[in-house]
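The values are calculated or read from the model by the stated rules, or taken from the named source; none is laboratory data. Remember, it's a predicted structure, so these values are computed and weren't measured experimentally. Neighbour counts run over all protein chains shown; Cβ positions are idealised from the backbone, glycine included. These accessible areas exclude ligands, DNA and RNA; they are computed on the full protein's heavy atoms, side chains included. Shrake-Rupley method; radii C 1.70, N 1.55, O 1.52, S 1.80 Å.
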Amino acid sequence: MAGSASAGVHGFTEALTTFVGRAAEVRELAALLAEYRLVTVTGPGGVGKTRLACEVARREVSRFADGAWLAELARVSEPAQVAVAILTALGLAEDRDMPPGRQLVTVMGRRQLLLVLDNCEHVLSAVARLCSDLLRAADDIRILATSREPMKVPGEIRWRLEPLRLPGAGERPGEKESDAVELFAERARRADRRFALDGRSRPGVERIVGWLDGMPLAIELAAARVEALGVDQLVDRLDDQVQVLTGADRMAPARQRSLAATAEWSYRLLSAAERRVFRRVAVFPAPFSLDAAEVVAGRDAVAAVLRLVDCSLLAPPLAGPDGRARYRMLQTLRTYALQQLAVAGEERDAAAGLARHAMAVAEQAAAELESSGTESAGARWLDAEDATVHQALRWTLENEPRIALRLAIALAPWWSRQGRTSTGYELLGLATRHAAAGGEQWCAVQFWRGELSPDPFQRAGLDHFSAARDVLVARGPSPLLVRALNGRAHCLAHLRRYGEAIRDAEDALAMAADLAWPAGEAISLTSLAVLAHYAGNNADSLAYLRRAQGIDPAAIPDGAARAACIYLARGLTEAGDLAEARHLGAQALDWAKTAGTPFEVAECLALLATVELQAGHTATAARRIREALEAAWRIDSRYRVFESIDLCGHLCARAGRYAEAVTLWEARAAHWRTFLLADLPLEQAHRQDLLCQARQALGPGKARAAAERGAAMTLGTAVEYARLAAELKDPAAGLPQLSGRERELVRLVANGHTDAQIASQLHISIRTVRSHLDRIRAKTGCRRRADLTRLALQVEAV
């Protein structure tokens, strides 16, 4: 949608230094992006590919309605995780019902944005396949990739980034400095404010940048040593070192040999202790804290890390999502340091240290997630350590299975909270191979696999919860058994086995009371309230929730307290106590936003929309419905998307717009069936009364036409239709004049056709299709495909 909050740049760290030179390269790369949909910037490590791509993205972002998004792939070690990493960079949770690659293609088909994929070379085949799929299915995106080699997929244009311009022979004084000299001078002044580029220093500087072939990283490393050595000694030492190292790998390109020489030279200037720390901290795939460095590299790590920052071998610390300061090593330097780690025979020790750090973080953060008042802090901590804990988990699965088991169990609550269900379920499955069947850890894995199951409300989830229950019940009451019983209760309820579900939840409540475990009591009371609601007994549901609300909040995890608050607001809405329901709903919404739980945000917005509908506040209800729909669609929560479409149907029916209501409900029903779940009796009764009223008002013919229209809609079209309906205005207002061919084009776009499919159906070229769509966009202001879908719906409505 125009004006979406997603516009702007996302994932790009703030540049700490000025962008020197490259003006012509920025213009050329921007022009290529305007013409081609996939541009790959290639070049050796250290040539400045990432910095240039980020600069171009910032300057060109205004061309993209949904902004520019950076996905850093350097931390991705498994090709299978490429799509997951990009989804995470886009702020999207994995959809349990869809492979990550297909989910990404589906999401991108609805957006107009610039996707920057940085450091693709080590997972190039996976990135190439994904980009090929995206180019076919998402016509309105552009991809700017950086890699040491091209992907070699159809539609790609390769653009080789050359080193910085060097001083040319015969340059006259007063002419603009070469980019390489300008970069050295600027960075040298940062290292030593007394440095001046003058007649005395210039020859040495020109010799240095010439030796380094204009490679930006090498120049920055050299410039950082100006204060300690001065230009003359810098020339002497660099000259000697490069002369020795140039022949190390005669098959490598010359520029790579020069950059390797610079890294080697910087490394040799370190003390033995500093070299050891430099090698070991390279095992971190992402920024790391001083505490983490100490675990991996020993007590002397702190002083060495500070020294490495001075030498430009580490970037100065920046605050992560959790507020902790972390240091970062450039990928090129990290590659070199890892080579030295292997030469020193320290790889296993460093990896084991990383695993110890990951274990400590995961278990402490898990405890915070499960406590009152600390949930957000624990989640932000794990967000910041994401790449590190997952690299540690992959290593321990192969090398330290007992640690892998503990680590996977500790990460499970975070995976659940983040919606990373597919990844978590798979990794827990790998970890459980090393658990003794029937042991405590085995039972914990079964419980969390139930929570993260791709089929959580039906058979698969029930099987996992039951496996844990069957073992634990013979051992007597325990918190894990309480949770397993509650998990079973929810699954049984969705299978309409209410009697068994209620018995499990009641057993869990009694057990939590015997254990004097308030959190377990709150969870069990909420489960019983949900079961009562499903059965249509709102009075009992409210009674259970009032009991849960009476438990000391300090003894309950934040997530459990929020769930009780949300369900209480729903029960009060059903009971007609709208003022209290609105108050609790707003409170839960603020709480969810602060906690950073997007699924709960979408749920609370839908709840507040329901309250306003019940109160007859049509305009406020419509606004809340639009917000709920946008929030659910953004995170691909189909359950909440269906809920918002349903609410929009209620909104239209109450406003007497019966055809729109029938269309929305039929579209929802068509897609809801893919969940293999039946509607709750109470919700079905509310809808059925209005649906009968709508069909009677429309008559058989119009009612049938409205229903057929909804049944034929894709989910994306249904969402746009709901957005349009929730605006409560004449769809013809301000509608531009379109020709017959233009109307046909926007209709095909609305039906989910790609440019290639449209060209085939209309027997015209893809270039002609895009030319027509560009004219339509210019005429209507519709930049995204979603906007064209909305336009098609407006044209049809008229």
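Worth pointing out:
- Selection from Thr610, Ala706, Val127, by position along the positive dipole direction of the chain (Cβ): Ala706
- Size of electric dipole in the chain: Cβ of Lys, Arg +1 and of Asp, Glu -1, about Cα centre, debye, nearest 20: 1780 debye
- In the complete set of protein chains, residue-level accessible area for Tyr639 is approximately 70 Å², probe 1.4 angstrom.
- Over region 280-339, equivalent-ellipsoid semi-axes from the Cα gyration tensor in Å: 16, 13, 12
- Estimated FRET transfer efficiency (Val302, Ala80; beta-carbon r; R0 45 Å; 0.05): 0.75
- Segment Arg193..Ala539, full-extension length gain: 117.1 nm, with 0.36 nm per residue of separation and the alpha-carbon distance subtracted.
- Volume in Å³ per residue [convex hull over Cα atoms, computed for region 9-153]: 107 Å³
- Cα-based Kirkwood hydrodynamic radius, region 412-493, one decimal, Å: 12.4 Å
- Approximate spin-label separation Ala619-Gln761, in nm, with each point projected 7 Å along Cα-to-Cβ: 3.9 nm
- For region 572-650, the average shadow cast by the Cα convex hull is 4.6 nm², which is a quarter of the hull's surface.
- Calculated over the chain: convex hull of Cα atoms, volume per residue (Å³): 180 Å³
- Contact order, relative form, for the chain: 8 percent (alpha carbon pairs under 8 Å, 6 or more residues apart, mean separation divided by residue count).
- Other residues with beta-carbon under 13 Å from the beta-carbon of Glu227 carry, at +1 per Lys or Arg and -1 per Asp or Glu, a net charge of +4.
- For the chain, the solvent-accessible area works out to 41 Å² per residue, with a probe of 1.4 Å and every protein chain left in place.
- Across region 354-367, coupling constants 3J(HN,Hα) worked out from phi with the 6.51/-1.76/1.60 Karplus curve, θ = phi - 60°, read 4, 5, 4, 4, 4, 4, 4, 5, 4, 6, 5, 5, 4, 5 Hz, and Gly and Pro carry x.
- Across Lys593, Lys152, Lys49, the residue with the most accessible area heads the list, and the full order at a 1.4 Å probe is Lys152, Lys593, Lys49.
- Within region 424-564: Cβ-based charge dipole about Cα centre, in debye rounded to nearest 20 (Lys, Arg +1; Asp, Glu -1): 200 debye
- Convex hull volume of the C-alpha atoms in region 125-168, normalised per residue: 90 Å³.
- Every Cα-Cα pair of region 520-622 was included, and the share exceeding 20 Å stands at 36 percent.
- Computed magnitude of the charge dipole of region 344-475 (debye, nearest 20; Cβ of K, R +1, Cβ of D, E -1): 320 debye
- Cα lying deepest toward the dipole's positive end in the chain, options Ala24, Thr768, Ala224, charges on Cβ: Thr768
- For region 609-690, the direction-averaged projected area of the alpha-carbon convex hull comes to 5.1 nm².
- The chain - mean residue ellipticity at 222 nm from DSSP helices (-39,500 (n - 2.57) per run, n ≥ 4, rounded to 500): -21000 deg cm²/dmol
- Cβ-based charge dipole, the chain, positive-most Cα from Leu144, Gln549, Pro285: Leu144
- An ellipsoid equivalent to region 291-386, defined through the eigenvalues of its Cα gyration tensor, has semi-axes of 27, 16, 11 Å when rounded to whole angstrom and sorted largest first.
- Peptides 443-452, 181-190 ordered by average Cβ neighbours within 10 Å, highest first: 443-452, 181-190
- To the nearest 10, the accessible area of Trp159 is 20 Å² with a 1.4 Å probe.
- Where only alpha carbons of region 394-546 are counted, the Rg and the Dmax (Å): 15.8, 55
- Share of carbon and sulfur in the accessible heavy-atom surface of the chain [1.4 Å probe, %]: 51 percent
- Each principal axis of the Cα atoms in region 308-443 has its own extent, and those three values, largest first, are 52, 37, 22 angstrom.
- His772 contributes an accessible area of around 40 Å² to the protein surface, as traced by a 1.4 Å probe with all chains present.
- Label-to-label distance for Ala711 and Ala342 is 6.1 nm, based on points extended 7 Å past Cα in the beta-carbon direction.
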